[in-house]
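The values are calculated or read from the model by the stated rules, or taken from the named source; none is laboratory data. Keep in mind that what you see is a predicted model, and the values were worked out from it rather than measured. Positions of Cβ are backbone-derived with ideal geometry, glycine not excepted, and every protein chain shown enters the neighbour counts.
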């Protein structure tokens, strides 16, 4: 069972964010991690499969004599 902070429950909108046209019944499914169902989501981003860095390819360096 997942325990949820009751202060977060007060911030939930009236409509369910996971299912269309469903009124929120405080099931707390929206707080459960998609990767590890036994964990509360902490916005780690592992479910998004996004790289932690960007890459820039450098073809050539231009050097000036001062």
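Structure values in brief
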item	result
Hey, residue 60 assigned to a loop (DSSP other than H, G, I, E, B) and at pLDDT below 85 or not	no
Residues located in segment 1-32, provided they are at pLDDT below 75, part of a loop (DSSP other than H, G, I, E, B) and surrounded by 12 or more Cβ atoms within 10 Å (Cβ to Cβ)	2, 4, 12
Extreme residue, surrounded by the most Cβ atoms within 10 Å (Cβ to Cβ), among residues of segment 33-57 that are in contact (Cβ under 8 Å) with a residue 12 or more places away in the chain and outside any loop (DSSP other than H, G, I, E, B)	40
